[in-house]
Amino acid sequence: TARSSPRDVIVSEEDWTYAGRSGRIIITPHFRLHTTLGDSLLLERFPRFVEVALAAYRTELGVLPEPTRRLETYIMRTRPQWESLTRALTGPRAPVYLRIPRGGYAFDGKGVFFDIGPYDTLAIAGHEGWHQYTQSTFKQPLPLWLEEGIAAYFEGFRWHPSDRTLPVFLPWSNPERFDTLRKLAADDRLMPLDELLVSRPQDLIRSADGRTLGYYAQVWALTHFLHEGAGAKYRGDLARLLADAADGRIARTLRDAVGARAARGAMSRRVGDAVFRVYFNNDLAAAQHEYETFIHAVTLPGTRHNITAGRSPLTDR
């Protein structure tokens, strides 16, 4: 068979200008990509990357629906262009997004990125693309600890060995998150599960140095735990929770289990242990033990070579 091309996903292209800068709109089956990038490695690979990422979002942790419309995505050549666009798109909320140091964000179902080099830009697009997908497609939101955990889960990718333009999503292939997790475990500084479930990353930014990175490493590990830890006992529950978010059934499930008031609070705050207790394990102490056991198993000496190869640390050590 003929080798596929990164251009195979492109349906059409048209000219576009932003603030006097020439660019183009690239249409793919599921995206409208607005860009001021010139011809470059990043522009060559970005359209195919986001399409493959979307396919991974919809299949890796459960079978999830297609977006009902093309997702609006912006990839700007420079940070000043990105800042100008951010002010136009987010209005009074712009100061929050302008504090982002690198790469981009998702807002109201849109992905907004700038070029920080091909690999790093794409890793951020893998993360923020999950947020873009859930914002545009899910009828009810996931709790933050899972929304952010899954976004970090999709940062990990490698290029296919026989096609360097085709990304392969390997959620364990994330040395940055792994190294943070391993250091937390070695220093006995892991956040307990009950604390992790009530934490918000935006609150941790204001606290002690490094706590935000620790949060992301731990929710990344929590997603892996729910997918394959404790003998994969929670894998089906995770798929059910994602399907319920997509279809708008979480609130009713919580209401039936914990009552209307607690359900409303959990849905509005997007933090707390209600969703975890109802979908995974009502015994948080038992779940904490399983989660800690999993983290210590995946961070044992000798596991990092699996991470760099994109394999689970629980296999063929």
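Read the figures in this text as sums done on the coordinates, not as results from a lab. Just so it is clear, the model here is predicted, and its values are computed rather than measured. A quick note on method: Cβ atoms are made from the backbone with ideal geometry, for glycine too, and the neighbour counts reach across all protein chains shown.
Which cross-chain or sequence-distant (5 or more) residues have an amide H under 5 Å from the amide H of residue 71, H modelled 1.01 Å from N in plane?
Counting only residues 5 or more places away or on other chains, the set is 31, 32.
Could you let me know the centre-to-centre spacing of region 46-84 and region 157-200, using Cα atoms, in angstrom?
Taking the Cα centre of region 157-200 as reference, the centre of region 46-84 is 20 Å away.
Quick one: which residues, 5+ away or cross-chain, put their amide H under 5 Å from the amide H of residue 166? H built at 1.01 Å from N.
160
Give the shape of region 6-137 as rounded, prolate or oblate, defined through the alpha-carbon gyration tensor: a ≥ b ≥ c are the square roots of its eigenvalues, a/c under 1.5 means rounded, and otherwise the shape is prolate if a/b is larger than b/c and oblate if not.
Values: a/c = 1.57, a/b = 1.19, b/c = 1.32.
Oblate, since a/c reaches 1.5 and b/c is not below a/b.
Can you order the peptides 169-176, 182-189, 214-221 by their average number of other Cβ atoms within 10 Å per residue, highest first? Could you put the intermediate results ahead of the total?
Working: 169-176: 19.5, 182-189: 14.0, 214-221: 25.4.
Peptide ranking by packing, descending: 214-221, 169-176, 182-189.
Between 150, 127, 262, whose Cα lies farthest towards the positive end of the dipole of the chain when Lys and Arg beta carbons carry +1 and Asp and Glu beta carbons carry -1, centred on the Cα centre?
262
With unit charges on the beta carbons (Lys and Arg positive, Asp and Glu negative) and the dipole taken about the Cα centre of region 1-127, which residue among 75, 17, 100 sits farthest to the positive side?
100
Kindly state, to the nearest 0.05, the FRET efficiency for residue 203 paired with residue 158, given R0 = 22 Å and r defined as their beta-carbon distance. List each step's numbers first, then the result.
Numbers: r = 33 Å, r/R0 = 1.52.
Working from the Cβ atoms, E equals 0.10.
Helix 41-57 versus the longest principal axis of the chain: what is the Cα-based angle in degrees, 0 to 90, to the nearest 10?
40 degrees
Could you work out the relative contact order of the chain? I mean the mean sequence separation of Cα pairs under 8 Å and 6+ apart, divided by the number of residues, in percent.
Details: 498 pairs, mean separation 48.9, N = 317.
For the chain, the relative contact order is 15 percent.
How large is the helix-only mean residue ellipticity at 222 nm for the chain, computed as the sum of -39500 (n - 2.57) over DSSP H runs with n ≥ 4, divided by its residue count, in deg cm²/dmol to the nearest 500? Present the calculation step by step, with values, prior to reporting the outcome.
Values: 15 runs with 161 residues, N = 317.
So the helix-based figure for the chain works out to -15500 deg cm²/dmol.
Can you run phi through the Karplus equation (6.51, -1.76, 1.60; θ = phi - 60°) for region 61-77 and list ³J(HN,Hα) in whole Hz, with x for Gly and Pro?
Calculated HN-Hα couplings, in order: 10, x, 8, 10, x, 5, x, 7, 8, 5, 8, 7, 9, 10, 10, 9, 6 Hz.
Quick check for me: using +1 on Lys/Arg Cβ and -1 on Asp/Glu Cβ, what's the dipole size of the chain about its Cα centre, in debye to the nearest 20? Mind showing how you got there, number by number?
Values: 41 positive and 37 negative charges, 103 e Å.
Charge dipole, the chain, about its Cα centre: 500 debye, nearest 20.
Straight-line reach only, C-alpha to C-alpha below 20 angstrom: list the lysines that residue 110 could link to, leaving out same-chain residues fewer than 8 apart.
139
What number, in percent, do you get for the relative contact order of region 1-123 if the mean sequence gap of Cα pairs under 8 Å and at least 6 apart is divided by its residue count?
On the way: 171 pairs, mean separation 25.6, N = 123.
Contact order relative to length: 21 percent.
Taking a ≥ b ≥ c as the square roots of the eigenvalues of the Cα gyration tensor of the chain, is the shape rounded (a/c under 1.5), prolate (a/b larger than b/c) or oblate?
Values: a/c = 1.67, a/b = 1.40, b/c = 1.19.
Verdict is prolate for the chain.
Enumerate the aspartates and glutamates that residue 183 could reach by cross-link, defined here as Cα to Cα under 16 Å, with residues fewer than 8 away along the same chain left out.
By straight Cα distance, residue 183 reaches 209, 292.
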